[in-house]
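Beneath this line is the structure, given in structure tokens, with notes to follow.
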Amino acid sequence: MMFGVKVAHSLPGRTRFYITKQLETSHIETWLRSFPGVYSASYNQVTGSLLIYHHITLSLYSLKLFIHKYKHTLKQAACSWKKAIPIIASGTIFLVNWYLQRSSYPSIVKALSYWVSTFTAISTSYDVIKDGVVHVLKERKGNANTLTAASIFASLYMKNPGSALIITLMSTISELLTDYTSEQTKHYIHSVLKLDVSYAWRVKEKGVEEKVLVEDIQVGDKVVVFTGEKIPVDGIIIEGNGTADEASITGEYMPREVSGGDNVYAGSVLQSGHVTVTVEKVGEDTSLSKIVKLLEEAQDKRAPIQNIADTVAEKMVPVSFGLALLTFFFTRNLNRAMSMLVIDFICGIKLSTATALYASIGRAAKEGAIVKGSDHIEKMSKLNTVILDKTGTITEGTPVVQQVI
């Protein structure tokens, strides 16, 4: 993930860099705007040009260094793909071992396949095994990973590395599915409330209007918004009047009459009139961006049922070990006792609960309804009466004639 960065040209408060690697526009721009002293950042994928407006005292070296640090965020994003490695490795080795053991290959080939499968099962489950063992040593009790680790070693003890590989495969797929569902939920929320405005009309000296990128708008600038356009910033109207649809911000479907001295918010739509706005907040500081951020963070709020699931799963660990001991006590058959450990149903209790809640929030967001956390999903399941104070909460707010009699 290495890429070169060089200064194309620089003026006091304005610097253009050229980057050799093509980057995600929104990611690099958001990253740069988080640096103190940077007012705006605009990246062009085609030319690899990164234009930055910043405080005149900001050194180019610190800016360049900060851009280089961006590659670490790329590595972190790439790390998510590393979770797929155990799936690929376990699945491939399992199929190869299954084929070789059932074919007429020499014994040495089968033995080699057996040991490769054993090594793969342990190496791909290293993090799970480590967490399970450390949890026992520190907390004096097992967790779901402890049982998974025991299941893997039980399979290996019974000389069945295939079962160990399948356990690793299913466990990793479950975790990836949960992570994917969570990320999709955040994506849907962002898509529902995104600003979706690239340009704005900034008023220059002598009242001349110029079309500029929204990223180039700074606090204190004056922008003009015309009928039908989205308001790109948070600010105060200094001239003009009209009606603004603020449903994306307040949930109120009825347009609001706005005029001089009124506050307006990014994401609102000016349905009629035209206004001149003094910019107070831009980019990540706008109310819309903060709402999106709060909603994304809210998805990590745990519902009570998730805590119950975790508690049940934790208490089921000793039960599983107890069943294994009882099986051995009554049957005196070690293989049967070990089989009780291989039947690992604890992870399913934890992962399925979280995945179902994330999926519910994601589906709601896809349909245009925003849910502020998993705990609200659980509360909604217990509702039998819903009282609404305004129809715009659940409807389009645009009544139509369905039938004339």
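The values are calculated or read from the model by the stated rules, or taken from the named source; none is laboratory data. A quick note: this is a predicted structure, and the numbers were derived from the prediction, not measured. Counting neighbours? That spans all protein chains shown, and the Cβs are built from the backbone with ideal geometry, glycine included.
Computed quantities for the displayed model
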item: Helices (runs of 4 or more DSSP H) contained entirely in segment 254-342, each with at least 3 residues that are at pLDDT below 85 and over 22 Å from the mean Cα position of the chain (by Cα); result: 304-331, 334-342
item: Filter result for E239 (outside the structural domain of A41 (by TED's automatic domain parsing) and part of a loop (DSSP other than H, G, I, E, B)); result: no
item: Verdict on A244 being modelled with pLDDT of 85 or more and either surrounded by fewer than 14 Cβ atoms within 10 Å (Cβ to Cβ) or part of a strand (DSSP E or B) (or both); result: yes
item: Which listed residue, of W115, W98, is in contact (Cβ under 8 Å) with a residue 24 or more places away in the chain, farther than 19 Å from M338 by Cβ and surrounded by fewer than 15 Cβ atoms within 10 Å (Cβ to Cβ); result: W98
item: Flag for I377 being touching a helix residue (DSSP H, G or I) at 6+ places or on another chain (Cβ under 7 Å), within 30 Å of N145 (Cα to Cα), of a type in the set (A, V, I, L, M) and modelled with pLDDT under 75; result: no
item: Every residue from segment 51-68 that is surrounded by 11 or more Cβ atoms within 10 Å (Cβ to Cβ) and farther than 13 Å from Y39 by Cα; result: L60, S62, K64, L65, F66, I67, H68
item: Number of the exception - G142 against (1) modelled with pLDDT under 85; (2) touching a Gly at 6+ places or on another chain (Cβ under 8 Å); (3) assigned to a helix (DSSP H, G or I); result: (3)
